[in-house]
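Accompanying notes for the structure given below.
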Amino acid sequence: LSSMLGLAIAHLENHHHHQGKAEAEKAAAVLVKRLEIIQCLLQDVGSNVATPVGSKSQAKVKRTRFDVDGHHCANLEAWVDEMSPELPVHRSFILPSGGLAASTLHVARTVCRRAERSLVPLLDDIDSETFAFVNRLSDFLFVAARWTAKIHGATEKIYVHHQGRVTEFDK
């Protein structure tokens, strides 16, 4: 997941370096900083997952506690709330699209959802905040992907049923 975020960062930096739009470049720089913070937090998540709460070494358990005050989850939610008003309401499923950075963030979200599912059997062995963070992270990545497509001026592709039926969102 961290590697996918690194790739998204590279695409964000490369796109705006070549585009030269000052406002979009500033916006992308904020997202890059947030993704870098998340990459560091994912290391902490990994430490928490690797150290079951019932471990013999309680000192290590204490050292690897994650987000006990909910600060990191609150940050993710605030970032989502900040980006969401700028996005058009989606009435259909959105396909991974919107350029290299946005598509990479969509892939990162998929990897994050897979990681979330893999944590379910470990819920008794990890901090509940760890699971909550991974859950909120996937939501953040979805919004970040849509927001990235918007600042790049890219069109998001929507799901159309193979028989041409209208999706549930359009009813």
Could you tell me what percent of the accessible area of the chain is made up of carbon and sulfur, with a 1.4 Å probe and every protein chain present? 55 percent
Might you work out the accessible area of Arg109 for me, using a 1.4 Å probe with all protein chains in place, and round it to the nearest 10 Å²? 70 Å²
Taking region 70-152, the equivalent ellipsoid from its C-alpha gyration tensor has semi-axes in Å, biggest first, of 25, 15, 9
If you look for lysine pairs in region 19-171 that are eight or more places apart or on different chains, how many of them have Cα atoms under 28 Å apart? 10
Can you run the Rg to Rh ratio on region 13-160? Use alpha carbon positions and the Kirkwood inverse-distance Rh. 1.03
Which value, in Å², gives the accessible area per residue of region 62-171 when a 1.4 Å probe is used on the protein heavy atoms? 57 Å²
Do any trypsin sites (Lys or Arg not before Pro) in region 1-72 lie in a loop, going by DSSP, with at most 13 other beta-carbon atoms within 10 Å of their beta carbon, and if so which? Lys56
Between the modelled labels at Val120 and Ile158 (7 Å from Cα along Cα→Cβ) the distance in nm is 3.0 nm
When the chain is fully extended, how far beyond the present Cα-Cα distance does Asn135 get from Val30, taking 0.36 nm per residue of separation? 35.6 nm
About the Cα centre of the chain, how large is the charge dipole given +1 on each Lys and Arg Cβ and -1 on each Asp and Glu Cβ? Please answer in debye to the nearest 20. 380 debye
May I ask for the net charge around Ser84, where only other residues with Cβ less than 13 Å from the Cβ of Ser84 are counted and Lys, Arg are +1 while Asp, Glu are -1? -3
Signed unit charges on C-beta, dipole axis of region 1-67, positive-most listed residue Val61, Ala50, Gln39: Val61
Would you please give the FRET efficiency between Arg63 and Ser84, computed as 1/(1 + (r/R0)^6) with r the Cβ-Cβ distance and R0 = 22 Å, to the nearest 0.05? 0.05
Test of understanding: in a Gaussian network model of the chain with alpha carbons linked when under 10 Å, which of Pro52, Pro96, Pro85 would top the mean-square fluctuation ranking? Pro85
So if I take the centroid of the Cα atoms in region 23-85 and the same for region 144-159, what is the distance between those two points in Å? 24 Å
Compactness ratio of region 24-89: Cα Rg over 2.2 N^0.38 Å, N = residue count? 1.47
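The values are calculated or read from the model by the stated rules, or taken from the named source; none is laboratory data. What you see is a predicted model; the values in this text were computed from it and never measured. Cβ sites come from the backbone with ideal geometry, for glycine too, and all protein chains shown count toward neighbours. We work out accessible area using only protein heavy atoms, side chains counted, and drop any ligands, DNA or RNA first. Shrake-Rupley method; radii C 1.70, N 1.55, O 1.52, S 1.80 Å.
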